[in-house]
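Encoded as C-alpha cells, the structure appears first; notes follow it.
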Amino acid sequence: MASLIDFFNALGKYDFLQSALLTAIMVGIMSGIIGSFIILRGMSLMGDAISHAVLPGVAVAYMFGFNILIGASVFGVLAALLIGFVASRSKIKTDTSIGVVFSAFYALGFILISMAESSTNLHHILFGNILAVSDSDIMTTAVVLGIVILFVVIFYKELLVTSFDETYAKTYGLKVQVIHYALMLVLTLVTVSALQTVGIILVVAMLITPAATAFLWTDKLVTMLVLSASVGVVSAITGLYFSYTFNWASGPAIVIVAAMLFALSFVFSPKQNFFKLKRSVAR
Amino acid sequence: MLNVKGLTVAYDDTPVFSDVAVKFNAGKITGIIGPNGAGKSTLIKAILNLIKAREGQVDYNGQPMKAVQKQVAYVEQRKDLDLTFPIDVFDLVLTGTYGKLGLFKSPGKAEKAASRSALEQVSLSEFSKRQIGNLSGGQLQRVFVARAIVQQAEIIILDEPFVGIDLQSETAIMRILKQWRDENKTIIVIHHDLNKVTKYFDDLVILNHGIVDYGPANEVYNPKNIESAFSADLSSVLFQEKEGAQ
C-alpha cells in the first residue's frame, strides 16, 4: 500500500514518470486495437516478424538523423511485401517465408546498429526505455494513436470482413490486398511506438496478449477491441508501477502483467470455461 | 444470361479444364454435377474472378463480370471458416450489405431491416444474437443464404450448399432458391447428390474436365451422359433404380 502511495507521489513530482505513464497508456490502447485484428487474422507470427523487421529502419534513422517512424515504416512494409512475394511466388508456405525474411531483416538491423556504434541505443531498442521518453516521443505516439483510431473507425467494416471472410470480400470487389498492406503499415507504426515502452523483443506480447485476453471474454468484435485496449492500458499502468517500485525493467514488467491477466482469463472466462472443460475431460 | 466462352483454367501446367463454353439462364436453377476433381468449384471461382482463367471470358447480359461484381452473391463451401470469430448471426448477415454500401459508409436502418427480414426468411430470427460457432451446420448454411438474400444479387452461386446439413435446412434453402427463380435471378448450384438432380434443378451442367453436356435437366440427365462423366457402373445403378421404381 505504501508503495502505491509512493508511486502516486512520484507521479505528481516527476515529469519523466508522467511522460512514461502517458506513453504507456497510449501504446497499450493502440497495440490492443491493432493486436485484435492481428490475432483474428491468424497473423501472430506476422506481428512478431514485422516488429523485428523494423530494426534496420530504426538503425538507418539513427544514423542519418531522421524520424524513426519513417525509417521503420519503410522497412516494415518492405518486409511485409517481401514475405508476401516469396510466399506467393514459390512453393514455400507463408510461415516459412516469414521466418526467412524477418530474421534476415533483424540481422541486418543488428549490423547497421553496431556500425552506428551506439550500444546504449541498441539496449533501449531491444528492451525499451520508457523512463526516458522525450516530449517529441509523446507527440509521435499521440499521432500514431490518432492514426490507429482513425484507421479502425474508417475501415472498420473492411477490416471486419477481410478478417472473417476474405473470399466473400473479394467477390464483391474489395481490394483485400490494399487492406492487408494498410494494416501492415499501421502495424509498423504501432511497433515503433511500442519500441519505447517494451522494446522490440516484447512488442509482439503487447500486440498478442491483451487481444488474446479480450478474445476470451466476448463474442463481439467491438467489445473485443475496447477490452483489448483496456487490458493493454491496465498492463501498462500496473507494469509501470512494478517497474518503479521494484526497479524492474519496464518492458518485461508490463508484459508480465499482461500475461497474468491472460492467465486469469484463461481460468475464469466463460468462453474458455476451463473448469467445465476439465470436468468433461475427466468424465 | 451468364455466358461462359472458351474458358480454360490450369494450375501450373496441369489443366483443370479447357475451352469450356456454357450458358446459365435467368429464371432457372442450374445444377452443376460431376465427379470429384472434375473442376466444378474451379469453374465457379473462375466465373467469379477468384482465380485467373488462362483463356476465355465470362459476361452477364453482355457486360464483363468485373462490371457486375456487386450483382453476384456467392455461398462457398465452408471448410476454412473461423467459427470462433467474434461475430454473431445478425452481424454476419449484415456483412451482405457491405458490397453495395462501398467504402466509408456504415450500415444504417435500411440495411439492418433488410438483415432482420432475411433472417426471418430462413427462420433464424431467434438466433440473431448467437455467436456463429454455436450453430448447427444447417443453421450456419442458412445464415449464409440469408447474407446472399441481403446482397440483393442477380446471380447467386452456391457451392455444395446441402452437404452435411439437416433436412429442415435443405428444404428452407430450396424454398429460397425457388423464390429467387421466381424473381428471374440466375441461380447456380454445385451439387453432389445425383438422386435429387431432376427434382431440384431446371437446367443441368455435367462437368468432367470440360463440359460433358448441358441443357434442361430432364433431357441432360441420362445414362449416356452420367456414364461418360462418372462411370458405367454408377450409371447402371442409378438408372436401374429409377426404372425399378417406375
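FYI, it's all coordinate maths here, none of it is from the lab. This is a predicted model, so every value here is computed, not measured. Ideal geometry is used to build each Cβ from the backbone, glycine not excepted, and the neighbour counts take in all protein chains shown.
With viscosity set to 0.890 mPa s and temperature to 25 °C, compute the Stokes-Einstein D of the stretch A:173-254, Rh being the Kirkwood radius across alpha carbon pairs; µm²/s, no decimals. Show your work: numbers first, answer last.
Working: Rh = 14.0 Å.
The calculation lands on 176 µm²/s.
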TODO: Using only the alpha-carbon atoms of the stretch B:1-113, report the extent along each of the three principal axes, biggest first, to the nearest angstrom.
DONE: 46, 35, 28
- [ ] Report, as an integer, the average count of C-beta atoms from other chains found within 10 Å of each Cβ along B:69-76.
- [x] 3
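Please work out the FRET efficiency for the pair B:L194 and A:V143, using the Cβ-Cβ distance as r and a Förster radius of 51 Å; give the result to the nearest 0.05. Could you put the intermediate results ahead of the total?
Numbers: r = 62 Å, r/R0 = 1.22.
Efficiency for this residue pair is about 0.25.
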Task: Shielding by partners, peptide A:159-165 (average Cβ within 10 angstrom, other chains) - done: 5
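Looking at chain B, send over the antiparallel percent of its DSSP beta bridges, to the nearest 5.
Details: 20 of 38 bridges.
Taking every DSSP beta bridge with both residues in chain B, the antiparallel ones total about 55 percent.
Kindly flag which residue pairs out of A:K175/B:K66; B:K28/B:K79; B:K40/B:K196; A:K170/A:K220 have an alpha-carbon separation exceeding 20 Å in this structure. Don't skip to the end; give the middle numbers.
Details: A:K175/B:K66 13 Å; B:K28/B:K79 27 Å; B:K40/B:K196 18 Å; A:K170/A:K220 23 Å.
Pairs exceeding the cut-off: B:K28/B:K79; A:K170/A:K220.
So what's the convex hull volume per residue for the Cα atoms of the protein assembly as shown, in Å³?
Working: hull volume 100.1 nm³, N = 529.
Cα-based convex hull of the protein assembly as shown, divided per residue, equals 189 Å³.
Given R₀ = 22 Å, FRET efficiency for B:E126-A:V176 by Cβ-Cβ distance, to 0.05? Please report the intermediate quantities before stating the final value.
Numbers: r = 33 Å, r/R0 = 1.50.
In this case the efficiency is close to 0.10.
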Open item on the list: Let me spell out the model: positive unit charges on the Cβ of Lys and Arg, negative unit charges on the Cβ of Asp and Glu, origin at the Cα centre of the stretch A:117-252. What dipole size does that give, in debye rounded to 20?
Closed with: 260 debye
TODO: For the stretch B:181-241 and the stretch A:156-196, compute the distance between their C-alpha centroids and round to whole Å.
DONE: 41 Å
Open item on the list: Test of the criteria: in the stretch B:1-53, which trypsin sites (Lys or Arg not before Pro) are in a DSSP loop and have at most 11 other Cβ atoms within 10 angstrom of their Cβ?
Closed with: B:K52
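Between B:K5 and B:K105, what length comes free when the chain is fully extended (0.36 nm per residue of separation minus the Cα-Cα distance, one decimal in nm)? Present the calculation step by step, with values, prior to reporting the outcome.
Details: separation 100, 0.36 × 100 = 36.00 nm, distance 3.64 nm.
Here the segment from B:K5 to B:K105 would lengthen by 32.4 nm.
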TODO: Would you kindly calculate the mean projected area, averaged across all directions, of the convex hull enclosing the Cα atoms of the stretch A:1-67, in square nanometres?
DONE: 7.0 nm²
Open item on the list: Testing the spin-label approximation: label points 7 Å from Cα along Cα→Cβ at A:V222 and A:D15. State their distance in nm.
Closed with: 4.1 nm
- [ ] Averaging over all projection directions, find the projected area of the Cα convex hull of the stretch B:2-245 and quote it in nm² with one decimal place.
- [x] 14.3 nm²
Task: Quarter of Cα convex hull surface for chain A, i.e. mean projection, nm² - done: 17.5 nm²
